[in-house]
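S.K.: Pasting in a structure now, in structure tokens, and then I'll have a few things to ask.
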Amino acid sequence: MTTLNPEWLRDGYPHIWRPYSQMKTALPPLPVVATSGARITLADGRELVDGIASWWTACHGYNHPHIRDAVRRQLDCMPHVMFGGLAHEPAYILAQRLAALLPGDLSRVFFSDSGSVAVEVAMKMAIQFGLNRGDRGRTKILAFRGGYHGDTLATMAVCDPEEGMHAMFKGVLPEQIIADLPVDDASRAGFEALLARDADKIAAILVEPLVQGAGGMLFHAPEVLVTLRKAATRHGILLIFDEIFTGFGRTGSLFACGDAVVPDIVTLSKALTGGTMALAATVASSKVFDAFWDEAPGHALMHGPTFMANPLACAAANASLYLFETEPRLAQVAAISQTMRSGLDVLRGRPGIKDVRVLGAIGVVEMDRIDDLEALRARFVAAGVWVRPFRTIIYLTPALTISGEELGLLVAAVVTIATQAGASP
Ligand SMILES: *Cc1c(COP(=O)(O)O)cnc(C)c1O
């Protein structure tokens with residue numbers, strides 16, 4: 001292995017288990033010493049323009065002073081206190097604000113500390129919704145090919161079967177129902193047939209609205225969500241939107257759900273705290289909550305993460321929402337969209353390029369194939385940008401506050417490197 005610098009990297013590396021990587025063959029991770037705006041500073045002094053905002057979290061860029069101040073004030077008075085039997089202002093304010101921002105009567109907020117857990121809570125709510133009403137048959141979740149909902153065992157079972165490694169973990173994962181998204185006549189017919197057969201087994205339909213993110217940055221039309229809403233209502237099934245990727249402006253509106261399509265449960269995380277702290281929320285409609293609200297202790301939702309509604313994280317989220325209210329984030333998304341659209345368009349039709357697509361602040365270049373991901377990733381770093389292609393996808397999901405000049409660097413790097421890679425993968 002290449003020498004690891006600085007010392008902490010070298011000495012700590014034998015004790016770290018890295019995410020999503022075969023450590024034996026992977027290149028070493030890049031040591032980061034600071035972040036600021038849309039930039040990452042490495043230990044050797046190099047600066048990278050960040051094209052993915054730390055897995056889509058840092059929507060206001062790194063180190064936004066307003067969020068830092070809010071967290072610092074909270075740190076001085078109360079970094080954490082348990083949420084069982086106790087209450088605190090940051091969480092109660094945040095719950096009200098989320099309820100006000102979300103459409104319809106999505107109004108009851110359950111906090112947790114990661115997206116996967118928020119999705120598990122949503123699934124648990126949906127299944128217990130039936131149980132509490134005396135319907136013991138609805139125990140399955142219907143999810144979609146190409147979807148991604150987390151890495152825990154229960155969420156792997158609702159991911160795309162291949163990406164969720166359903167075969168490898170057969171017998172361990174709960175068996176759920178995975179269908180094709182109803183995007184055309186054939187898949188709609190298949191979807192309707194499935195529901196005609198199995199609807200009474202299904203507690204909820206779970207979908208990432210508009211964009212299936214980690215499953216391949218696949219876009220679908222808003223009408224698909226209307227189809228899902230109508231089908232769910234017709235069959236007495238709950239509809240869950242996993243907005244962990246799409247939430248907070250990424251697709252061009254604050255959320256993918258809106259007055260046109262209101263799900264029964266929404267999950268939020270990723271950009272919820274402006275990319276500063278771990279926090280997630282599962283927000284239910286009053287219809288869902290009402291099935292839990294009675295005298296029977298057994299009808300309560302039995303869930304409560306230790307760090308539930310951590311006050312520092314809630315303070316960060318409140319500060320992040322304030323920035324959405326006071327700074328022109330959605331206009332910035334529209335401008336980013338325009339720049340990516342016009343900048344990436346030249347790739348269309350070039351050798352090795354399968355598709356180019358842009359929605360909101362998501363720019364995607366899909367290659368026919370990428371033979372050496374690690375080498376491709378290294379080329380981006382050498383070009384001074386932080387872009388992490390996966391499978392056949394090169395994508396940009398920058399901070400919504402990125403400057404025109406920085407975005408220009410990102411787009412230029414993607415165009416150059418995708419062109420080279422397409423010509424000689
Ligand atoms: C990232 C993501 C998750 C999982 O969130 P974690 O915080 O990594 O557990 C779930 N759903 C979607 C749509 C995501 O993008």
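The values are calculated or read from the model by the stated rules, or taken from the named source; none is laboratory data. All figures in this text were calculated on a predicted structure; none of them were measured in a lab. In this analysis, Cβ positions are derived from the backbone assuming ideal geometry, glycine residues included, and neighbour counts consider all displayed protein chains. To get the accessible areas, we keep the full protein, side chains included, count just its heavy atoms, and leave off ligands, DNA and RNA. Shrake-Rupley method; radii C 1.70, N 1.55, O 1.52, S 1.80 Å.
S.K.: Could you compute Rg(Cα) / (2.2 N^0.38 Å) for the chain, with N its residue count?
M.R.: Its radius of gyration relative to the 2.2 N^0.38 Å reference: 0.99.
S.K.: Under the definition of Cα pairs under 8 Å and six or more residues apart, what whole-number percent is the relative contact order of the chain?
M.R.: 22
S.K.: Going highest first, how would you order 66-79, 167-180 by mean Cβ packing within 10 Å?
M.R.: 66-79, 167-180
S.K.: Continuing with this model, one more query. Between their Cα atoms, which of Lys124/Lys201; Lys230/Lys270; Lys140/Lys230; Lys230/Lys354 are more than 25 Å away from each other?
M.R.: Working: Lys124/Lys201 15 Å; Lys230/Lys270 28 Å; Lys140/Lys230 19 Å; Lys230/Lys354 33 Å.
Exceeds cut-off: Lys230/Lys270; Lys230/Lys354.
S.K.: On to the next question. Divide, for segment 225-322, the radius of gyration over alpha carbons by 2.2 N^0.38 Å, where N is the residue count.
M.R.: For segment 225-322, the normalised Cα radius of gyration is 1.22.
S.K.: Kindly write out, for segment 24-34 in residue order, the coupling ³J(HN,Hα) from the Karplus curve 6.51 cos²θ - 1.76 cosθ + 1.60 (θ = phi - 60°), rounded to whole Hz, with x marking Gly and Pro.
M.R.: With the stated coefficients, segment 24-34 comes to 5, 10, 5, 5, x, x, 8, x, 10, 10, 6 Hz.
S.K.: While we're on this one: Heavy atoms only, probe 1.4 Å: what % of the accessible area of the chain goes to carbon and sulfur, would you let me know?
M.R.: The computed percentage sits at 57.
S.K.: Further question: How high is the relative contact order of segment 178-268? Use alpha-carbon pairs under 8 Å, at least six apart in sequence, and give a whole percent. Show your work: numbers first, answer last.
M.R.: Numbers: 119 pairs, mean separation 24.4, N = 91.
Relative contact order comes out at 27 percent.
S.K.: Let me ask another. I want the local charge near Pro161. Using Cβ-Cβ distances under 13 Å, sum +1 for each Lys or Arg and -1 for each Asp or Glu among the other residues.
M.R.: Computed value for this residue: -3.
S.K.: Can you list residues whose amide H is under 5 Å from Phe144's amide H, if they're 5+ apart or on another chain and H is modeled 1.01 Å from N?
M.R.: Amide H to amide H, under 5 Å and 5 or more residues apart or across chains, Phe144 pairs with Ala179.
S.K.: Still on this structure, please answer the following. In deg cm²/dmol, rounded to 500, what helix-only [θ] at 222 nm does the chain give when every DSSP H run of at least 4 residues adds -39500 (n - 2.57) and the total is split over its residues?
M.R.: Counting only the DSSP helices, I get -11000 deg cm²/dmol.
S.K.: Which length gain, in nm to one decimal place, applies between Val33 and Thr233 when the Cα-Cα distance is subtracted from 0.36 nm times their residue separation?
M.R.: Values: separation 200, 0.36 × 200 = 72.00 nm, distance 5.05 nm.
Answer, rounded to one decimal: 67.0 nm.
S.K.: Let me ask another. Take Asp69 and Glu327, extend 7 Å from each Cα along the Cα→Cβ direction, and tell me the distance between the two endpoints in nm.
M.R.: If labels sit at Asp69 and Glu327, their model points lie 1.3 nm apart.
S.K.: Accessible area per residue, 1.4 Å probe, Å², for the chain: what's the number?
M.R.: Ligands and nucleic acids excluded, the result is 45 Å² per residue.
S.K.: Net charge around Val387, counting only other residues with Cβ within less than 12 Å of its Cβ (Lys, Arg = +1; Asp, Glu = -1)?
M.R.: For residues surrounding Val387, the net value is +2.
S.K.: In addition: How are the Cα pair distances of segment 74-113 distributed, in percent, across 5 Å bins from 0?
M.R.: Bin by bin from 0 Å, the calculated values are 5, 19, 27, 23, 14, 9, 3, 0.
S.K.: Something else now. Could you sort the peptides 349-359, 206-216 by per-residue average Cβ neighbour count (10 Å cutoff), highest mean leading?
M.R.: Going by the mean number of other Cβ atoms within 10 Å, highest first, we get 206-216, 349-359.
S.K.: Count the net charge of all other residues whose Cβ sits under 12 Å from the Cβ of Ser21, scoring Lys and Arg as +1 and Asp and Glu as -1.
M.R.: Net of charged neighbours comes to +3.
S.K.: Here is a follow-up. Could you check the simple spin-label distance between Asp44 and Glu295, using points 7 Å along Cα→Cβ, in nm with one decimal?
M.R.: 7.2
S.K.: Apply the membrane-span-like helix rule to the chain: whole DSSP H runs, Cα extent along the own long axis of at least 27 Å, mean Kyte-Doolittle hydropathy at least 0.5. List the helices found.
M.R.: Those that clear 27 Å and a mean of 0.5 are 404-423.
S.K.: Taking every DSSP beta bridge with both residues inside the chain, roughly what % is antiparallel (nearest 5)?
M.R.: 70
S.K.: Over segment 82-326, what per residue volume does the convex hull of the Cα atoms give, in whole Å³?
M.R.: Taking only Cα atoms, segment 82-326 has a hull volume of 126 Å³ per residue.
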